Each structure stands twice: as structure tokens, then as C-alpha cells.
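Here it is, the structure, as C-alpha cells.
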Amino acid sequence: MSIAPPLYARPVREAASAAALTDDERSRILAKSAQFAPPSAVLPDGRRDLVGLSRAELTEILTEIGEKPFRTKQLWHWIYHQGATDFSRMSSIARPLQEKLAERFVVGRPQAATVQTSRDETRKFLFRFRDGQEAETVYIPDRREDRGAVCISSQVGCTLSCTFCHTGTQGLVRNLGAAEIVGQFMAARDSYGEWPSPKGETPRLLSTIVLMGMGEPLYNYENIAKAMKIIMDGEGIGLSRRRITLSTSGVIPMMDQCGEELGINLAISLHAVRDDLRDELVPLNRKYPIAELIAACRRYPAASNARRITFEYIMLRGVNDSEADARELVRLISGIPAKVNLIPFNPWPGSRFQPSTREQLDRFAAIVMDAGFASPIRMPRGRDILAACGQLRTESQRARRSSGAPDVQKT
Ligand code: SAH
Ligand code: SF4
């Protein structure tokens, strides 16, 4: 593929007015997303999974079996604060009710099909869900302190096909449900034994969540929102919205809603500062071009100097890593409370790009830094187990294909 810089002077198409991104468009996105809904939360034996239900839904289900609303709080505490998966462990609930609950419900977890720990302690989980579909979750411990980030997947595969991303080669199989999204975090906590949920400022090993795994979270907004509300609930997992970052390739109509409803941090996968190049690298740019994306960042409600928007910029050798690109980047984001995360390209089998050289990375970072933006270079973690950014991909879709079509495989 040839990606040469263009010679014309206007690199970014004019922005349409924000009003053009109407509620209709949001409804269209939500309706499309519903077509890829996860399977029902009811097991073949008729029992229902309680994980992933909102408090209101849990109350409704308990009322249906003749239980009082205060039971919601009790169960919520056992499920999300204590991490209990077995009703017989719920000691504040009398034995007959424990049995009644166990007959009708389960507290589920995704099954860890494989768990790999990298030389650098990064741990990758391949989770298998009830219908056999799979997604990956990665825990990235901080090297210096006892804390770390859990990188969570939002979809099995992805509809978008960013040319540098392994997940993008998979296509979209389906959305993950709220239970599967919360379940990834809870199962990762099981693996480190971090229960009960630490309260307040008590240090946590699994201290932040980044929605940067497989899939585009804003194309699965309703399940993501439901899951994040459960995770942020102070009587359960109790993780602050300041410790959650959602990464998007730029689904603008849903960015507005995410900021208003969830108030979590935002990361934008920018990767290019000219529309012609971004159209190639992040094809969604043809629909939501750079100027509109930047305008949406400027109005993102949860951004402030204390809570900056992260612009992610994957450094591709000779493609988007020139000093002119760095200067244009600085111009584009000027005035936004922002930091720039420079991501060295992580190769995967069959990928067609090369990572930028260290010298070019440093030159680029220096220009961004001189303009007053923090510009950390994200050191790849877990590359040896293909757990680094953009390397995640599952085999799920392969099983659905009838022919033995050539495919890129996870090693
Ligand atoms: N779909 C969302 C979130 C998942 S991708 C998004 O695109 O933002 C998470 C991050 O990994 C994005 O910034 C993405 O651009 C980056 N990424 C994808 N492929 C990569 C690769 N091969 N090397 C390094 N980073 C990559
Ligand atoms: Fe999807 Fe993000 Fe990968 Fe693009 S970078 S294909 S949006 S997961």
C-alpha cells in the first residue's frame, strides 16, 4: 500500500456543525448494535446469571420470586464487593433462601480458556463465554508500584478495519454483554485474589480499567454503559470514573453521550493528522473526519486540566511519523486539555507496517512536549504473548467458516 503525504494545503476537511450529528444518528448506531446482541443470560438448565443486571433489574427478578427489595443490596454486596460466586458462602442470607436462589440463579464468570503470563508480568486471559465465543483481556501491572490496568474487550472482533490492527482482521462476530464485560474484570480479580473490593483510597492491584481491548466500545455503548455503572457503583466494585478510560476510534455521536452519562476518561485513536491518511488507517474517518472529531473532543464534558483527553498515536515508520506531522498534531489539539500517547507499532503475523525508529519517536515526542503536552511513549508490554496493543485477536470466527480460507493466526 502506498501512503504518500498529499501536496494540497488543506489537510483537514471542514467540520459539519455539531447539530448535524443528530439523535437520529445515535438511534441508528444503537439499532445496529442491537443486531449483534449477546446470547441470553439464561443457562440451558433454566438458571439465570445475576451478574450484569442493573440494581433495578435485580430487584425486579427478586420480586418475581417473592423476595423483598432489600435483598438486592445484600446480593449486590456479595456479588460485587465480596466476589462470591457460590450462594452457600453468602452468610448473611439464611440457608433456605440460599437454596432457593441457587435453584434459580447463578453468579457467573467467563471461563478462562488460557492464561499466559509474559516475561514482564503482563497477564493475558483468553475468556470463553457461554456460546463458545472468546475475547481477550490483559492485566498490565505497573512496574514500580503495586497497581495496574486491566485492558477489557468490548466486542468479539470489530466492525472497523483499521489497517494496523490485528482485531480488525477478524470482522465483528458479536457484542459482549454487560455480564461479560464486568465478568472480564471480576475474573481477572479472581486470578489475583483481590476480594473483597478495596474501599476508598485503599491501594488496589487492579486499579484502573482501560476499554482498549478487542472491539469498538462505542459501537456497543449500551452494554458498556451498563457494565461501567456496575463497576463504578460505590457499594460494589467501587472503581472511580476517574480510573476508567474508554478508547474510541471516533464514533462521535456516542462520545457525547458517554461524556454526559458516564463521565469516564476518553482516549481517541487519532493516528493521523490529515484526512486522506486517516481515511486509510482508520476507515471510520470517512464518516467522522478529523475536524468533527476534534470538535467533539473540545466539548467532551469530562475533560479538564485534571482529567485530560488522551490522543493515541501509533507510530508507523515513514507513514505518519514526520516532524511536520508532529507540528500539525500540536496545532490540531491546541487548547484541549490533552496528553499524547505515542504507541510504537506492535507487529502481528501478516501486518504490513514497520514501527518508527527510536530516533524518530524521540524527535516526534520532543515537538509535542515542547508545545506543552505530555507525550509518553507507551512501551509495549506482553509482546512475547501477543498481549500488546493491537495484537489481540481470537479464533472464534474461524470455527464459523465453512471453507479453509487462509487466515492470520494468533500464535
Ligand atoms: N477500538 C478502540 C479500542 C480498541 S484498540 C480504538 O480503536 O480506540 C486500542 C488501541 O490499540 C488503539 O489506540 C489502537 O489504535 C491501538 N492499536 C491497534 N493496533 C495496534 C498495533 N498493531 N500496535 C500498537 N497499537 C495498536
Ligand atoms: Fe477496531 Fe480499534 Fe482495532 Fe480499529 S483499532 S479495528 S476500531 S479495535
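How many percent of the accessible area of the stretch 48-106 is carbon or sulfur, using a 1.4 Å probe?
Heavy-atom surface of the stretch 48-106 belonging to carbon and sulfur, 1.4 Å probe: 51 percent.
Taking θ = phi - 60°, what integer Hz values does the Karplus form 6.51 cos²θ - 1.76 cosθ + 1.60 yield along the stretch 44-49, in sequence order, with x for Gly and Pro?
Each residue of the stretch 44-49 in turn: x, 7, x, 6, 10, 7 Hz.
Between 116, 166, 303, whose Cα lies farthest towards the positive end of the dipole of the chain when Lys and Arg beta carbons carry +1 and Asp and Glu beta carbons carry -1, centred on the Cα centre?
After comparing all options, I get 116.
Continuing with this model, one more query. Per DSSP H run of at least 4 residues, take -39500 (n - 2.57); add these up for the chain, divide by its residues and hand me the 222 nm value, nearest 500 deg cm²/dmol.
About -8500 deg cm²/dmol.
Write out the GluC sites (Glu not before Pro) in the stretch 114-162 meeting two conditions: DSSP loop, and at most 15 other Cβ atoms within 10 Å of their Cβ.
121, 145
Around residue 343, which amide H atoms from residues at least 5 apart in sequence, or from another chain, sit under 5 Å from its own amide H, with H modelled in the peptide plane?
Under 5 Å from the amide H of residue 343: 313, 314, 315, 378.
Does the stretch 48-106 classify as rounded, prolate or oblate by the C-alpha gyration tensor (a ≥ b ≥ c root eigenvalues; a/c under 1.5 gives rounded; else a/b over b/c gives prolate, otherwise oblate)?
It is rounded, given that a/c, with a ≥ b ≥ c, falls under 1.5.
In whole angstrom, how far apart do the alpha carbon centroids of the stretch 156-222 and the stretch 332-369 sit?
A separation of 24 Å, based on Cα centres.
In square angstrom, what is the accessible area per residue of the stretch 48-106 with a 1.4 angstrom probe?
Spelled out: the 1.4 Å probe surface of the stretch 48-106, per residue, equals 50 Å².
Let me know the shape class of the chain, please: from the alpha-carbon gyration tensor, a ≥ b ≥ c as square roots of the eigenvalues, rounded when a/c is under 1.5, otherwise prolate if a/b is greater than b/c, or oblate.
prolate
Could you list which residues have their amide H under 5 Å from that of residue 381, counting only those 5 or more apart in sequence or on another chain, with H placed in the peptide plane?
HN-HN under 5 Å from residue 381: 389.
Given the stretch 111-385, what percent of its DSSP beta bridges are antiparallel, to the nearest 5?
Just about 50 percent of them are antiparallel.
Computing the accessible area with a 1.4 Å probe over protein heavy atoms, can you report the carbon and sulfur percentage for the stretch 111-385?
Exposed carbon and sulfur together represent 47 percent of the surface.
Please give the charge dipole size of the stretch 48-106, origin at the Cα centre, charges +1 on K and R Cβ atoms and -1 on D and E Cβ atoms. Round to the nearest 20 debye.
Using only the charged Cβ atoms, the result is roughly 200 debye.
On to the next question. For helix 178-192, what angle does its Cα long axis make with the longest principal axis of the chain, in degrees from 0 to 90 and rounded to 10?
80
Counting other Cβ atoms within 10 Å, which GluC sites (Glu not before Pro) in the stretch 167-254 have at most 13 and lie in a DSSP loop?
Sites meeting the loop and neighbour criteria: 201, 235.
Here's another thing I want to ask about it. In degrees, nearest 10, range 0 to 90: what is the angle between the Cα axis of helix 252-261 and the longest Cα principal axis of the chain?
Helix 252-261 and the main axis of the chain meet at about 50 degrees.
With θ taken as phi - 60° and the coefficients 6.51, -1.76 and 1.60, list the Karplus ³J(HN,Hα) couplings across the stretch 138-154 in order, rounded to whole Hz; mark glycine and proline as x.
10, 9, 10, x, 5, 6, 9, 10, 7, 7, x, 10, 9, 9, 10, 8, 10
Still on this model: Relative contact order of the chain: what whole-number percent is it, with Cα pairs under 8 angstrom and at least 6 residues apart?
Relative contact order for the chain comes out at 17 percent.
Can you list the HN-Hα couplings for the stretch 109-122, worked out from phi with the Karplus curve (6.51, -1.76, 1.60; θ = phi - 60°), rounded to whole Hz and with x for Gly and Pro?
My calculation for the stretch 109-122 gives 9, x, 8, 7, 6, 9, 10, 10, 10, 6, 4, 8, 6, 4 Hz in order.
For residue 199, list the aspartates and glutamates whose Cα falls under 14 Å from its own Cα; do not include residues on the same chain fewer than 8 positions away.
Partners found: 233, 235.
Using a 1.4 Å probe, what is the accessible area per residue for the stretch 111-385, in Å²?
Computed with neighbouring chains in place, this is 36 Å² per residue.
How tilted is helix 23-34 with respect to the longest principal axis of the chain? Cα atoms for both, answer in degrees (0 to 90, nearest 10).
The helix 23-34 is inclined about 60 degrees to the chain.
The values are calculated or read from the model by the stated rules, or taken from the named source; none is laboratory data. If you're wondering where the values come from, they're calculated on a predicted model, not measured in any experiment. Cβ: placed from backbone, ideal geometry, glycine included. Neighbour counts: every protein chain shown. Ligands, DNA and RNA are stripped out before the accessible areas are found, and what is left, the full protein with its side chains, is counted by its heavy atoms. Shrake-Rupley method; radii C 1.70, N 1.55, O 1.52, S 1.80 Å.
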